[in-house]
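Right, one structure below, let's go through it.
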Amino acid sequence: QKTVYLADYLPYSHLIDKVDLTFRLHPTATRVLARLNIRPNPARKDRDHLRLDGEGLKLVSCRLDGQAITPTLDARSLTIAAHELPVGAFTLETEVEIAPEGNTALEGLYMSNGMYCTQCEAEGFRKITYYPDRPDVMSRFKVRIESDLPVLLSNGNPAGQGQGWAEWDDPWPKPAYLFALVAGDLRAHSAKFVTASGRPVDLNIWVRPGDEDRCAYAMDSLIRSMRWDEQVYGREYDLDVFNIVAVDDFNMGAMENKGLNIFNSRYVLASPDTATDDDYARIEAIIAHEYFHNWTGNRITCRDWFQLCLKEGLTVFRDHQFSADMRSPAVRRIEDVVTLRSRQFREDDGPLAHPVRPESFVEINNFYTATVYEKGAEVIGMLKSLVGDQAYQRALDLYFDRHDGEAATIEDWLKVFEDVTGRDLSQFKLWYTEAGTPRLKVEEAWNDGIYTLTFTQKNPPTPGQPVKQPKVIPIKVGLLNPNGDEVVPTIMLEMTRAKQSFRFEGLAAKPVPSILRGFSAPVVLERKAPPEERAFLLAHDTDAFNKWEAGRALAKEVMAAMALKGAPVSPAWLDALAAVTFDDTLDPAFRALCLRLPAEDDIAQTIHAMGRIPDPARIHAARREMAGALAIRLGEGLSRLYRDLDDNAPFSPSAAQAGRRALKIAALGLLSRRDGGRLAASAFARARSMTEEVGALSALLEVGQGQAELVSFAARWGRDANVMDKWHALQIAHAEPAEAAAVAARLIGAPGFDWKNPNRFRTVIGALAANHAGFHHRSGAGYRLVADWLLKLDPLNPQTAARVSTAFETWPRYDAARRKRARAELERILAAPDLSSDLREMVERMLG
Ligand code: DPP
Ligand code: ZN
């Protein structure tokens, strides 16, 4: 497969005014009839041939203006020569046959538990019919589905139904990647919504019979999302119905098809006994995310796939705003930054680093990444900080006004901000075009009552981009006096040069700086600060993010020093954390976040950034030792804290209750290190929610207990695969480093374990990859097992295999012996016959 370049973009040769599709569904022989109303694109001067994408299609017939023709076919396309085309508009009818039952790649039309469903983003529509499968070709779709299955759904509004058929009409022009079809024996959880201007909308969440009672939270999240988008962005829903379908076999989290969102069932179904608080928060965020795409993605889509961040970065930014409004902004911000660092900084720091807007790709599915999504959202957050909230709102209004119904670019996006503010954003655009996480060094000076902060930015080289330019960095800063009072409230410093100083006058004493408040830019802050200063900020900072960050930075320094030179656990850290833990004026959710130790992979990242080689075994030991020391330092207060939080309030998935549960479980985990799991065993037996059940089980496994509890968990949940994912993940997460690969091998190879299902595969292989000391065990068993299973999955589902292969993306960080083993596994993958282009691209990039 060939590399595609952004620089080669050309508009499509033709316009498709209308698409009429008829599906005669059959597991092994579905017929798809497509009637396309086509005319030459006036934007193109030459008289062009017509080339339609198509893969794995059996062409039954082809007619041009009613006359049978024989087009040129190859493995990827159908072509009609220019001289065979009429001069003006014409109609092309094709009939193809496809076999959804045998479609294990889960792209195009496929089957899951007897139901038909589709996944077209990015390039799945070409597996359904011949069509210009590119986002800048937008058309009106009408769909007729013929099948005996009771529920037949497609995009848009219902346009009639009868015995064995249904018709749908989507009034909004859309690209093919937003097409969707579902047919199955499904039940609806329904509700009504009335938009701000009075349009009634039928809302349905479609699930397998028996799951209807687990849709309430998703529905509630949907209604809140619809209201929020009206109130905050002035965006109303634009169809008579909004359908969501839950599917068990799904490569992604969910998909924003126009009027017919398709979801991985794990991000829809929830009840207190099956879903953890994290599951609830994720469902809320993903429901919102897909809904918000209706405007940012569907009404305004992307000109080409290089612009993916145009819709994804913005929609992630919007779903973050929504979650912050629904929950605690501080807690959400901390969680988002933890994710950003663990996924995006990690990606940016290795062989897979790429710009938010990449310049080339082989397989676009490989670019649905943390960089495009998460960094794409951070870039918008910076833009908002730089122009201010009001200008942001005016720019967004202009964006929706100017580009509604269009396929737009990052240039279009930046232009609305330039037009609204008069600013030149050419330097800011580097955030979209250059990869890598900037390093920001800070130095301070105090002279004659003048306090100076001097920042130096370094933009490290990344694959294909050896030299970089200075970026615009919004640095939010506040200053505290030595008593802990804030003397300069948050202001934004705008850094534009490689090195830049900012002066503060009129201060009575040398202040303590709180830098990069709210994590105002996705950079690595390099500031040498004594532990006392970190402890001081953890105690006094008024910015909740930086308060947490002070404790985090200290914990990282301590863990890195322990792993690198066997330093003892720092008493300063223990004391500071004890003060936070028992400060009842602080939000329990915030305290729980402070108690969560940095992940081992984070510490490996930190050590690597110091120019040293991380030793996974030593990092693992250091983290354990820290947790043990913390359990002892917190002493009896911990039991009291646990008892206070262990109340009998009826369950609610609210953020407030979730925060109390999180703190309670953090306390339980630490208590187990002292009592060998006695309290956790009784907590497991008494658990009244999945959060408590998993929390207690996790505490037990961490101290080598929990075998009986694992058995009883499996007995209770054995038939619910999404719940059992937790059971599998926990065992691997808590396995000893030397045994992790063997545990994962046993679970994934167990009779009846459906490893072909992406959720199952990602759970087991993902959990092994996330067990840092286990995956990187010096025996190489972790590397070998992951490679074995990637090779097994690749022929069936290349997209998921390629995604999971990022387990290896950090391999160059480690010592020569580990690198040799990892490289050997990557080379073994590359040598496999018939390797997919998806996995090949990933492995080649990782090998560099
Ligand atoms: N379904 C994916 C998402 O919403 C791709 N669009 O991010
Ligand atoms: Zn999205």
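Quick note: the coordinates plus some simple rules give every number you see, no bench work behind them. Nothing here was measured: the structure is a model prediction, and the numbers come from that model. We place every Cβ from the backbone using ideal geometry, glycine too, and count neighbours over all the protein chains shown.
Table for the structure above
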| item | result |
| --- | --- |
| Average Cα contact separation per residue, the chain, under 8 Å, 6 or more apart, as relative contact order % | 8 |
| Potential lengthening between Ala82 and Val467 on full extension [0.36 nm per residue; Cα-Cα distance subtracted] | 134.1 nm |
| Nonlocal Lys pairs with alpha-carbon distance under 14 Å, segment 301-433 (8 or more apart, or different chains) | 4 |
| Positive dipole terminus of segment 164-269, leading residue within Val194, Trp228, Phe250 (C-beta point charges) | Trp228 |
| Ranking of Leu554, Leu730 by count of other Cβ atoms within 10 Å, fewest first | Leu730, Leu554 |
| Under 5 Å, built H, 5+ apart or other chain: amide partners of Ile300 | Gly405 |
| Among Pro466, Ala498, Phe455 the positive-end extreme of the charge dipole of segment 439-522 (Cβ point charges) | Pro466 |
| Dipole moment magnitude, nearest 20 debye, the chain about Cα centre, only Lys, Arg, Asp, Glu C-beta charged | 1760 |
| Residues of type lysines that Lys820 reaches as a straight line, Cα spacing below 26 Å, ignoring anything fewer than 8 places off in the same chain | Lys565, Lys792 |
| FRET efficiency, 1/(1 + (r/R0)^6) with R0 35 Å, evaluated for Tyr9 and Gln231 via beta carbons | 0.45 |
| Theoretical FRET efficiency, 1/(1+(r/R0)^6), r = Cβ-Cβ of Leu507 and Glu636, R0 45 Å, to 0.05 | 0.60 |
| Normalised contact order of segment 469-569, rounded percent, pairs of Cα under 8 Å and 6 or more residues apart | 24 |
| Order of His26, His289 under a 10 Å beta carbon neighbour criterion, fewest first | His26, His289 |
| Proxy reagent accessibility, fewest Cβ within 10 Å first, across Glu123, Glu378, Glu625 | Glu625, Glu123, Glu378 |
| Anchor Lys142: aspartates and glutamates whose Cα lies under 13 Å away (excluding residues fewer than 8 positions away in-chain) | Asp17, Asp20, Glu167, Asp169, Asp170 |
| Farthest positive-ward along the chain dipole, Cα basis, beta-carbon charges - from Ala745, Ala560, Ala831 | Ala560 |
| For segment 655-788: relative contact order, % (alpha-carbon pairs under 8 angstrom, 6 or more apart) | 17 |
| Distance between modelled label sites at Trp165 and Glu533, nm, 7 Å Cα→Cβ extension | 7.5 |
| Label-zone membership for segment 599-632, site Lys820, 7 angstrom Cα→C-beta point, backbone N under 17 Å | none |
| Highest average packing first - 445-454, 11-20, Cβ atoms within 10 Å | 11-20, 445-454 |
| Near-label residues of segment 776-820 by backbone N, under 19 Å of a point 7 Å along Cα→Cβ of Ala75 | 794-799, 802 |
| Rg/Rg_ref, segment 380-502, where Rg_ref = 2.2 N^0.38 Å and atoms are Cα | 1.29 |
| Dipole moment magnitude, nearest 20 debye, segment 529-675 about Cα centre, only Lys, Arg, Asp, Glu C-beta charged | 420 |
| Total formal charge among the other residues, if their Cβ is under 12 angstrom from that of Ala68, Lys/Arg +1 and Asp/Glu -1 | -2 |
| Three semi-axes of the equivalent ellipsoid, the chain, Cα gyration tensor, whole Å, largest first | 45, 32, 27 |
| Against the rule of thumb 2.2 N^0.38 Å, how large the Cα Rg of segment 728-824 comes out | 1.00 |
| Cα-projected label distance for Ala708 with Asp202, points at 7 Å along beta-carbon direction, nm | 5.3 |
| Net charge dipole size for segment 439-522 [Lys, Arg +1 and Asp, Glu -1 on Cβ; Debye, nearest 20] | 560 |
| Scaled radius of gyration (Cα, divided by 2.2 N^0.38 Å) that segment 298-440 gives | 1.03 |
